[in-house]
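Read through the structure below, which is laid out as structure tokens, and then see the notes.
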Amino acid sequence: MKNTTKNLFIAASAILAIAGGALAGPGHDHTKVEAGPNGGRLITSVDPHAEFLVLPDRKVKITFVGGDGRVIAPTDQVVTVTTGDRSAPVKLAFVKEGDALISDATIPEGNMLPTIIQIKSSPTAKAEITKFNLNLSNCPGCQKAEYACTCAH
């Protein structure tokens, strides 16, 4: 009898977890994201870390950040961002501007864009790839764009 109750509880918990994720809707992720120094999304899979930030003009700013949270000027890093409609993606290249890299073009219109970021530590290094849905809608909790939400609402 104990095993039956335990198994029912486990099954019900699994169903609720799956249903809860489905009810939130596509691209709606409650995973807490670490913020960069400018309020963008911090990508921690590269060293130094990289902050991904969409500027008001819809260009993308990449800022490299050390483990201590301080901005590190880009050196030989090569960054490419591919985003937009999968049937007609937009590929952004970057140029150094001050202590950051700024995209040469803007991201396409829309608030939900599949995005792939490729970061190489040098022109000949293997690219570290990060993928996420760039959700530009405002978070009701922290008022940041959802892609950079830090409140895990």
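The values are calculated or read from the model by the stated rules, or taken from the named source; none is laboratory data. On a predicted model such as this, the values are computed, not experimentally measured, just so you know. In this analysis, Cβ positions are derived from the backbone assuming ideal geometry, glycine residues included, and neighbour counts consider all displayed protein chains.
Observations on the model:
- Qualifying residue in the range 85-98 (condition: among the basic types (Lys, Arg), part of a strand (DSSP E or B), surrounded by fewer than 17 Cβ atoms within 10 Å (Cβ to Cβ) and without any contact (Cβ under 8 Å) to a residue 40 or more places away in the chain): yes
- Checking THR82, THR106, THR115, THR63 one by one, the residue that is in the same structural domain as GLU128 (by TED's automatic domain parsing), in contact with an Asp or Glu (Cβ under 9 Å, 6 or more places away or on another chain), surrounded by 15 or more Cβ atoms within 10 Å (Cβ to Cβ) and at pLDDT 95 or above is THR63 and no other.
- Any pair with Cβ under 8 angstrom, 6 or more apart, that starts in the range 100-114 at a residue that is closer than 13 Å to ASN133 by Cα and ends at one that is β-branched (Val, Ile, Thr) and in a loop (DSSP other than H, G, I, E, B): LEU113/ILE107
- Failed item in (1) part of a strand (DSSP E or B); (2) modelled with pLDDT under 95; (3) of a type in the set (S, T, N, Q); (4) over 18 Å from ALA88 (Cα atoms), with GLN143 passing the rest: (1)
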